[in-house]
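These notes concern the structure reproduced below.
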Amino acid sequence: RIWDKQKVLADVVWVIRKFRPDVIITRFPGDARAGHGHHWSSALLANEAFKLAGDPNAFPEQLKMGVSVWQAKRIFWNTFNFGGNNTTSNNQLKIDVGVYNPVTGESYGEVASESRSQHKSQGFGVPRGRGQSYEYFVLTGGEPAVNDIMDGVNTTWSREANGTGIAEKVQRILSQFEVQSPEKSVPALLDIYQQLQQQPNSYWRNQKLKELAQLIEAASGLFLEATSNQGEVVVGEQLRTQVWGLARTGVQVQIQRLLFADKDSVVNQTLGANRNWQFTRTVTVTQQYQSTQPYWLQKPLNKGMFQIDDQQLIGDAENVSLNSVVFELSINGVPMRIAKPIRYKFTDPVKGELYQPLYIKPAVEISFKSDAYLVNGKMPQLQLNIVSNSNSAIDDVQLKLAAGKAAQLITLASLKAGEQRSITVTLDKQLAAESVLTAEVAWSNQVANQKGRTIAYDHIPLIYYTQPAQTRLSKVEMVTKGKKIGYIAGAGDKLPQALEQMGYEVKVLHEDDFTPAVLNGLDAIITGVRAYNIHEYLSAKYDALMAYIQQGGNLIVQYNTNNQIGPVKAKIGPFPFTITRTRVTEEDAGVNFLLPEHPVLNTPNKITVKDFEGWIQERSIYHAEGIDPAFAAPLGMNDQGEKENNGSLIIAPYGKGNFVYTGLVFFRELPAGVPGAYRLMANLIALPKNK
């Protein structure tokens, strides 16, 4: 209903034809045991594509784009035993994946544990696994295997033309390799490199050429890099690039030319033994430099599908940077090309030398403070942020707000270099009839209409991308009660801005704020998504929060996850319940009113099925189960083909106030301006006091 199945299937077939795997493994089965629909679909698509990739009549247009048909030998489902669901069996093909690799000094279980611990957003950190550990596999297509998943697969050089001779040379290099003098292997590696260059074009020939180039570079002790002392640049402005070369062994290296995106530099430099060579060039960044916007975000999303025009990019995990310096050089007289991306290099006083990607940014970024503004007769005040990324002042600036065919123009003062400016604009009445409002800044025949976003964590490179500068205008007929809301920040949701749009005064609560003097003046307290997962201190604040409810306050807890992040098993409510992984992923799933007379469905706003129209992405996640009888569960819902579940919203009176746990995705719906979500949230905040 959301994805174009044939387009997604074509993408999977393309990746198989491009990557040419001998064996394919799916993590999930193609049925309900997979869990949610993404898991399920991945297995169904993989098994269908396994057959189609070798069929010349399937997606024949791909065969004109540099790939050929490819039939993998077999496809497996890697069965599992977790979550109380054991799909493994001793009659399945099993492999010990805990064996030790003496070259790396680690077992593969340790490598896998390290990999899983990088999935930090889901709290999947695990201890290193050591010793015997089996994985189980069920054949779902292709030739059976008896002893190993690679049974019958030729993994030697003989699968390539003239490969037997290369295999003998490789074996000779391995037998003669000297750990203390790796450069002695370079002549033999160069010999294989030249031989491979003469081979017919093929996937493995090209793959091995890349690997050989890396081996030759490493064995030569060759250090090459291209860096800048700035992490961002605007098209039309200058970028100072420093190129370094260092040959740390006796291998002869001569750099003939450096190829930049816009032009070449002839250097003809022989690198002295263990002597640094530096070349500096200041370039003007032109349109020839590749956009650093992730390729799948360069065009607007089309109802759950990315729009990608360049077929060759599909399957790439990230942008293949063209903003590189290509070293045309020779090693012991053999010509080679080695590309190095231009990276931002800097020194942190604590962490030392660091590298980050270089990003090309728009000259000006513009964004709305809120993703949605409520229009209820009175025209809202729009808060916008304007950021200049330019190194020079920008004059004659005009801000344009547009909705439908209507536009509102505002003249702004000049922007200084690097200036960040916040402005407030009252929405013009002629724009209020539309649902989407866009913003752009114009100057000197240039236009900027994007907002910048940055993702920064220590364990991954910094990521910068842009999105259209727009907000939603939402017309909501809504009554609110109460004025002051306490908000405990969660994992990055935007509820505080939405609550302010509803007319509430929002106070963000910090660890030292859980005192009667602070809490008793609040009409309701709302916790951000996963607040109990990320704030360990909330365990110690349980008594203060329960006392707040007893005195007549309403505590609304948005979803938390039942995993290893934070004290998820800490007491959250006044009565017992557990948090599960149950969710309703269909955003238009039917909602049944199980307790139609409950106040949450009636006051101060009458909630009807219409209030669940227009929801985005999903209905509810991480439902409550094992619910104490003190709770009321007024809503029932389910995905198609599944049983109805009543754990999306539970409410219990406690003392004079009320406790609420909800998996309903308010954190998605309110920023998207969904009217019914605003009305239901207003009712939760206004739950009546108990006598």
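FYI, it's all coordinate maths here, none of it is from the lab. Keep in mind that what you see is a predicted model, and the values were worked out from it rather than measured. So basically every Cβ, Gly included, is an ideal-geometry build from the backbone, and we count neighbours across all protein chains shown.
Structure data summary
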quantity: The chain: antiparallel DSSP beta bridges as a percent of all, rounded to 5; calculated: 75 percent
quantity: Value of relative contact order over the chain, rounded to a whole percent, pairs C-alpha under 8 Å and six or more apart; calculated: 8 percent
quantity: log10 of Debye I(q)/I(0), alpha-carbon scatterers only, for region 478-685 at 0.12, 0.18 Å⁻¹; calculated: -0.55, -1.40
quantity: Among the listed pairs LYS263/LYS369; LYS378/LYS451; LYS18/LYS340, those beyond 30 Å (Cα-Cα); calculated: LYS263/LYS369
quantity: Positive-end extreme of charge dipole, the chain - chosen from ASN520, GLY352, ALA58 (charges on Cβ); calculated: ASN520
quantity: Between region 175-207 and region 466-498, the alpha-carbon center distance in angstrom; calculated: 60 Å
quantity: Cα lying deepest toward the dipole's positive end in region 5-142, options GLY123, VAL103, ASN86, charges on Cβ; calculated: GLY123
quantity: Using a Förster distance of 35 Å, the FRET efficiency for SER321-LYS5 (Cβ separation, nearest 0.05); calculated: 0.60
quantity: Projected area, mean over directions - region 1-154, Cα convex hull, nm²; calculated: 11.7 nm²
quantity: By average C-beta atoms within 10 angstrom, highest first, the peptides 585-597, 358-370, 184-196; calculated: 358-370, 184-196, 585-597
quantity: Cα centre as origin, Lys/Arg/Asp/Glu Cβ charges: region 364-473 dipole, Debye; calculated: 300 debye
quantity: ASP191 versus ARG205: modelled label distance in nm, points set 7 Å from Cα along the beta carbon direction; calculated: 2.1 nm
quantity: The chain, dipole about Cα centre (Lys/Arg Cβ +1, Asp/Glu Cβ -1), debye to the nearest 20; calculated: 540 debye
quantity: Simple spin-label estimate for ALA167 and GLN446 in nanometres, 7 Å along Cα-Cβ; calculated: 5.9 nm
quantity: Alpha-carbon centroid distance for the pair region 23-86 / region 87-148, whole angstrom; calculated: 19 Å
quantity: Region 253-290: trypsin sites (Lys or Arg not before Pro) in DSSP loop, at most 13 other beta carbons within 10 Å; calculated: LYS263, ARG275
quantity: Value of relative contact order over region 222-360, rounded to a whole percent, pairs C-alpha under 8 Å and six or more apart; calculated: 31 percent
quantity: Helix-only CD estimate at 222 nm, as mean residue ellipticity for the chain, using -39500 (n - 2.57) per DSSP H run (n ≥ 4); calculated: -5000 deg cm²/dmol
quantity: Along principal axes, Cα extents of the chain, largest first, whole Å; calculated: 89, 73, 53
quantity: Euclidean distance of C-alpha centroids, region 317-385 and region 225-249, integer Å; calculated: 14 Å
